[in-house]
1. Over 30 Å between C-alpha atoms is what I'm after, so list which of Lys107/Lys169; Lys16/Lys241; Lys16/Lys196; Lys32/Lys169; Lys23/Lys241 land there.
2. For region 1-66, what is the Kirkwood hydrodynamic radius in Å, using each pair of distinct C-alpha atoms?
3. Just tell me, in residue order, which DSSP H segments of the chain are both 15 angstrom or longer along the helix axis (alpha-carbon based) and at least 0.0 in mean Kyte-Doolittle hydropathy.
4. Hey, could you pull the Cα Rg and Dmax for region 93-181, both in Å?
5. Using Cα-Cα distances under 8 Å and only pairs 6 or more residues apart, what relative contact order does the chain have, in percent?
6. Using unit Cβ charges (K, R positive; D, E negative) and no other charged atoms, how large, in debye to the nearest 20, is the dipole of the chain about its Cα centre?
7. Using modelled amide H (1.01 Å from N, peptide plane; none on Pro or chain starts), what sits under 5 Å from the amide H of Arg157, excluding residues fewer than 5 places away?
8. Can you tell me the alpha carbon radius of gyration of the chain divided by the globular rule-of-thumb value 2.2 N^0.38 Å?
Amino acid sequence: MKVLVAVKRVVDYNVKIRVKADKTGVETANVKMSMNPFDEIAVEEAVRLKEAGTVTEIIAVSIGPQQCQETIRTALAMGADRGILVKTDDEVQPLGIAKVFKALVEKEAPDLVLMGKQAIDDDSNQTGQMLAGLLGWPQATFLSKVALGDGAATMTREVDGGLETIEVKMPCVGTVDLRLNTPRYASLPNIMKAKKKPIETLELDSLGVDTAPRLTTVSVDEPPARQAGVVVPDVATLVDKLRNEAKVI
Ligand code: AMP
């Protein structure tokens, strides 16, 4: 069984985001970049499925500039078998990414595509759903448990107020949520081994996919700065402030 895993290169989640002066986006120059945290969970799940003997091949895919190769290398060090880099320096929005994945699915014929539920840079939560729509494949979003069977998968989803377990026919698209697993750190020997694993590089233009942006960012703004807190001398003052200033009780 073959699994395609999406790995997006995003600003590292520990970095304090700075909005560009012209408000067109966030600053990415000289900023630490890493694999989208949800994609790490997707890679980890694929590797666990391989270790359990259900999956035979894991292909890590990233779309973006040449540096995305580092993100693919991280996936290879975690246990993916090979990588595909679809190279472009242009902005590609979720619909465009989904179209690129559709082209790769037609080339690679995987049984499962695993993606993050959202990328922490655009917070779109769209790509997996759009890919399933374009392919006409079943989808299971917000996964907290994955069990692959013969021609079908049993997937548990995180929904408001609980968990929902569904069965979907394969091939299918799955998007993973936070509680599915805890991703491993790549060991030094595996980082060394990953250097020898193959990464195929494709130019975005060679795929013949229309990835022109459909959305225009009007403005990106910092959240309002939080006001400084005060230390109150006693409970009575606290209650008074909550009642008369904050008006929350
Ligand atoms: P989004 O819909 O933008 O929130 O992204 C959801 C998921 O789609 C991410 O967690 C990735 O798994 C995948 N994805 C989005 N953009 C890319 C990209 N440029 N390269 C690889 N995977 C991507």
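1. Listed pairs above 30 Å: Lys16/Lys241; Lys16/Lys196; Lys32/Lys169; Lys23/Lys241.
2. When all Cα pairs of region 1-66 are included, the Kirkwood radius is 13.7 Å.
3. 68-78, 94-108
4. Calculated on Cα positions, Rg and Dmax stand at 12.6, 39 Å.
5. 23
6. So the magnitude is around 500 debye.
7. Those qualifying (amide H under 5 Å, at least 5 residues apart or on another chain) are Ser144, Glu164, Thr165, Ile166.
8. Relative to the rule-of-thumb radius for its length, the chain sits at 1.18.
Taken together, the values in this text are just the output of simple stated rules run on the coordinates, not laboratory data. Bear in mind that the values here come from a model prediction, so they are computed numbers and not experimental data. Every residue, glycine among them, receives a Cβ derived from its backbone with ideal geometry; neighbour counts consider all protein chains shown.
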